[in-house]
Amino acid sequence: MSLHIKPINPNIGAVIENLDLNRADEQLAAEIQAALLRYQVIFFRNQQLGAQAQVKLAKAFGTLHIHPIYPALDDAPEVIVLDSRRQDLRDNELWHTDVTFSQAPPLGCVLQAVKIPEFGGDTLWASGTAAFRALPAELRNKLRGLTATHDIRKSFPLERFGATAEERGKLESSFRKNPPVIHPAVRSHPETGEEILFVNEGFTTRINELPEAESDELLAFLFQHAVKEEFHLRWKWREGDVAIWDNRCTQHKALFDYGDAHRIMHRATVNGSVPYYQQAG
């Protein structure tokens, strides 16, 4: 079949219409994968995926990740539950690429809107490929030779996620299992070969080859540059929406602007590979 695709803007995002993801077969999954490589994040309205259907769809992209912090569905441990009445979700209101604190960050995610506030709760995605292309040539050349440290503690501090002895113990165990890691500041996309700016405010703490002050200054600039309006989109959710994004070349931010209203999202995360940089051509 031929997908009905409506691009959102020139740099990132598309809506795929008139499609029931509950009936996705191998051919459809292959077309969705191709669309994802082109648009980096894709959206589907009115889906209402069951837990097992969401798992099946995500597994079309690879094996699935089990998150060390967030709770999961009882009948689908691969699907984490982001529930504003069960968790402190303020950390999601920060631009980040998921789980870059691991040696092999996720390939991507399948996210479903289960309960949406009447107002607020939008999510923004930004393109790391568009952001890198827009940098001055001198800075692009400089970044190609640098590495960055990523640390889980930056977004999951004990003071917020260790309120009880049980939570503290679980978090400290996650810290031990996930020590700081080093990734290239610019990574190559393993399928398209494109160069991607690969630092994010959520987990990146240091440019390793630079003095601390210079590292801090450069990271502050890159964090701001990467999410400029021309590189990002804003998605207003409806219940039943599904988003699939390529975590290798994007970052995102979920707005926490809905007060005490109830917001529930279900997310399945696809395992990825170790980031690397290879000079194009």
Close pairs (7 angstrom Cβ cut-off, 6 or more residues apart or separate chains): touching a residue at least 12 places away in the same chain (Cβ under 8 Å) in segment 122-149, in a loop (DSSP other than H, G, I, E, B) and basic (Lys, Arg) anywhere: ASP122/LYS236
Filtered residues of segment 218-238 (kept if surrounded by 15 or more Cβ atoms within 10 Å (Cβ to Cβ), more than 24 Å from GLN48 (Cβ to Cβ) and aliphatic (A, V, I, L, M)): LEU218, LEU219, LEU222, ALA226, VAL227
Every pair of residues 6+ apart whose Cβ atoms lie under 8 Å, when the first sits in segment 172-190 and is farther than 10 Å from PRO275 by Cα and in contact (Cβ under 8 Å) with a residue 12 or more places away in the chain while the second is of a type in the set (A, V, I, L, M) and surrounded by fewer than 14 Cβ atoms within 10 Å (Cβ to Cβ): GLU172/LEU158
Segments classed as strands (runs of 3 or more DSSP E), wholly inside segment 33-141, with at least 3 members that are within 22 Å of LEU21 (Cβ to Cβ) and not polar (S, T, N, Q): 41-44, 76-83, 108-115
Members of segment 24-48 that are surrounded by fewer than 17 Cβ atoms within 10 Å (Cβ to Cβ), under 24 Å from LYS115 (Cα atoms) and not basic (Lys, Arg): ASN46, GLN48
Checklist (1) in contact with a helix residue (DSSP H, G or I) (Cβ under 6 Å, 6 or more places away or on another chain); (2) more than 29 Å from THR147 (Cβ to Cβ) applied to PHE101, failing item: (2)
Residue match in segment 263-275 (condition: surrounded by fewer than 19 Cβ atoms within 10 Å (Cβ to Cβ) and more than 22 Å from ALA51 (Cα to Cα)): yes
Cβ-Cβ under 8 Å pairs, at least 6 apart or on other chains, segment 215-235 side over 22 Å from LEU255 (Cβ atoms) and modelled with pLDDT of 95 or more, far side hydrophobic (A, V, I, L, M, F, W, C) and surrounded by fewer than 20 Cβ atoms within 10 Å (Cβ to Cβ): LEU218/LEU210
Set ASP74, ASP122: member being over 16 Å from the mean Cα position of the chain (by Cα) and surrounded by fewer than 21 Cβ atoms within 10 Å (Cβ to Cβ): ASP74
Cβ-Cβ under 7 Å pairs, at least 6 apart or on other chains, segment 239-262 side closer than 22 Å to LEU49 by Cα, far side hydroxyl-bearing (Ser, Thr, Tyr) and part of a loop (DSSP other than H, G, I, E, B): ASN247/THR97; HIS262/SER84
Residue in segment 49-71 that is of a type in the set (D, E, K, R), surrounded by 13 or more Cβ atoms within 10 Å (Cβ to Cβ) and within 18 Å of the chain's Cα centre (by Cα) present: yes
Number of positions in segment 255-280 that are within 22 Å of ASP241 (Cβ to Cβ) and either under 16 Å from the mean Cα position of the chain (by Cα) or aromatic (Phe, Trp, Tyr) (or both): 9
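The values are calculated or read from the model by the stated rules, or taken from the named source; none is laboratory data. In this text, all values refer to a predicted model and were calculated from it rather than measured experimentally. Reconstructed Cβ throughout: ideal geometry from the backbone, glycine too, with neighbour counts over all protein chains shown.
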